[in-house]
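Below is one structure, written out as structure tokens, with a few remarks after it.
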Amino acid sequence: MTKSQYAAAGVDLEAADDAKTRIGKLVASTRTKLSVGEIGAFGGMLRMPAGMKKPVLVMSTDGVGTKVLVAVQAGKLDTVGECLVNHSVNDILVHGATPIAFQDYVAGAKLDAPMMASIVDGVARACRAHGMALTGGETAAMPGLYQHGHFDLAGTIVGVVEEDQALHGDRIAAGDVLVAYASTGLHTNGYTLARQVIFDVLKLQVDAPLGDTGQTVAESLLAVHRSYFAAVMPVISKIHGIAHITGGGIPGNLIRVLPEQCEAVVDSTSWTYPPLFRLLQEAGRVSTGEMRDVFNLGVGLIAVLPRTEADAAIAAAKAVGTEAWVCGEIRSGARAVRFTS
């Protein structure tokens with residue numbers, strides 16, 4: 001098959017080469033002292049950080065779900081890349097790991113150079129913010145699989161932690177408290193239901209004001225998934241366990257770090273749902289139970305730590321502009337997450 005025939009079938013190799021050139025510059029902007037090898041090689045290489053006694057690699061792969069559909073509707077593609085990285089950073093932060101490398105995967109019907117550059121610009125920006133190398137990735141044009149103008153975005157992160165400092169939740173005990181860290185919005189979960197309520201039930205456009213949020217639909221739904229790395233790492237040695245509140249909400253994620261015979265009791269009166277979540281519940285007629293199972297409800301991360309360390313954790317978060325508060329406690333009992341009102 002000739003080049004022109006391939007392009008006619010939907011894959012433009014010249015455009016792909018242009019995109020790779022632009023992406024190469026973004027990748028170069030994230031290189032760190034751990035980086036090894038050439039940009040554009042088949043594999044990304046990284047040295048292990050010096051001075052570690054028994055380093056353990058922590059890896060995670062994730063995506064941003066149907067948030068990409070809102071990005072396409074709004075014509076704003078860079079922030080979903082930033083969301084992808086921050087989400088991944090939080091996923092390994094729960095184990096106490098520091099991120100050192102990231103790789104992204106973008107697939108769509110047609111990946112033109114400006115589109116790719118915008119998406120990867122957000123990825124690279126978040127990598128630089130965490131001192132982490134974007135060591136490579138993959139782009140795939142698949143017009144037979146994806147609808148025109150649509151794409152999917154995923155990534156893999158690699159972090160490192162000393163083995164004896166890794167968090168597993170096994171230190172959590174009755175008497176510990178739960179410290180909640182505020183989210184910036186939906187983060188990267190619950191978009192299928194949120195889009196149904198906003199676009200199908202309320203029939204709003206992306207540039208329309210969204211209730212009492214003080215933002216447009218696009219501004220609210222595309223708010224960048226917050227990274228909690230800077231807020232948590234100053235007190236990481238005091239923490240017994242961390243839950244990243246993603247799909248499954250508080251009950252579905254907090255239980256993942258609880259040891260047996262520990263019940264997490266969440267005080268639902270310790271915070272008020274942000275306007276976006278109140279709108280989704282009221283307009284969508286969503287039960288409180290389902291809201292808790294689908295959305296983060298304004299809480300993006302929960303740390304479990306001794307009561308005597310709660311003030312220090314809250315102060316560390318406040319120092320970097322993240323609101324945090326005590327939202328419950330650990331009690332003896334069957335392994336579960338329970339809400340009080």
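The values are calculated or read from the model by the stated rules, or taken from the named source; none is laboratory data. Everything quoted here is computed from the prediction, not taken from an experiment. Because the Cβ atoms are built from the backbone with ideal geometry, glycine has one as well, and the counts that use them run over all protein chains shown.
So is ARG195 touching a residue at least 60 places away in the same chain (Cβ under 8 Å), surrounded by fewer than 24 Cβ atoms within 10 Å (Cβ to Cβ) and either not assigned by TED's automatic domain parsing to the domain that holds MET45 or not in a helix (DSSP H, G or I) (or both) or not?
yes
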Within the stretch 153-170, does at least one residue satisfy the condition of being among the hydrophobic types (A, V, I, L, M, F, W, C) and farther than 30 Å from GLU309 by Cα? yes
Which of (1) surrounded by 15 or more Cβ atoms within 10 Å (Cβ to Cβ); (2) without any contact (Cβ under 8 Å) to a residue 40 or more places away in the chain; (3) in a helix (DSSP H, G or I) does SER88 not meet, given it meets every other one? (2)
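Within 28 Å of LEU46 (Cα to Cα), surrounded by fewer than 18 Cβ atoms within 10 Å (Cβ to Cβ), at pLDDT 90 or above and not basic (Lys, Arg): is that true of HIS168 in this structure?
Against the criterion (within 28 Å of LEU46 (Cα to Cα), surrounded by fewer than 18 Cβ atoms within 10 Å (Cβ to Cβ), at pLDDT 90 or above and not basic (Lys, Arg)), HIS168 qualifies.
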Tell me, yes or no, whether the stretch 265-272 has at least one residue that is of a type in the set (A, V, I, L, M) and either under 22 Å from ALA230 (Cα atoms) or surrounded by fewer than 16 Cβ atoms within 10 Å (Cβ to Cβ) (or both). no
Can you tell me which of VAL177, VAL201, VAL206 is under 29 Å from CYS327 (Cα atoms), touching a residue at least 40 places away in the same chain (Cβ under 8 Å) and either surrounded by fewer than 22 Cβ atoms within 10 Å (Cβ to Cβ) or not assigned by TED's automatic domain parsing to the domain that holds ARG335 (or both)? VAL177
Sole residue being in contact (Cβ under 8 Å) with a residue 24 or more places away in the chain and in a helix (DSSP H, G or I), chosen from ILE302, ILE255: ILE255
For the stretch 242-252, does any single residue satisfy the condition of being farther than 22 Å from CYS83 by Cα and either assigned to a helix (DSSP H, G or I) or without any contact (Cβ under 8 Å) to a residue 12 or more places away in the chain (or both)? yes
Of all residues in the stretch 258-293, which are in contact (Cβ under 8 Å) with a residue 40 or more places away in the chain, part of a loop (DSSP other than H, G, I, E, B) and not acidic (Asp, Glu)? LEU258, PRO259, GLN261, SER268, THR269, SER270, TRP271, PRO274, VAL286
Look at the stretch 36-82 and say how many of its residues are among the basic types (Lys, Arg), surrounded by fewer than 20 Cβ atoms within 10 Å (Cβ to Cβ) and outside any loop (DSSP other than H, G, I, E, B). 0
If you scan the stretch 121-135, which residues turn out to be surrounded by fewer than 24 Cβ atoms within 10 Å (Cβ to Cβ) and part of a helix (DSSP H, G or I)? ASP121, ARG125, ARG128, ALA129
Any residue at all in the stretch 231-242 that's of a type in the set (Ser, Thr, Tyr), at pLDDT 95 or above and surrounded by fewer than 21 Cβ atoms within 10 Å (Cβ to Cβ)? yes
Which residues, taken from the stretch 209-220, are outside any helix (DSSP H, G or I), surrounded by 17 or more Cβ atoms within 10 Å (Cβ to Cβ) and not hydroxyl-bearing (Ser, Thr, Tyr)? LEU210, GLN215
Looking at (1) without any contact (Cβ under 8 Å) to a residue 12 or more places away in the chain; (2) assigned to a loop (DSSP other than H, G, I, E, B), can you tell me which one ASN189 breaks? (1)
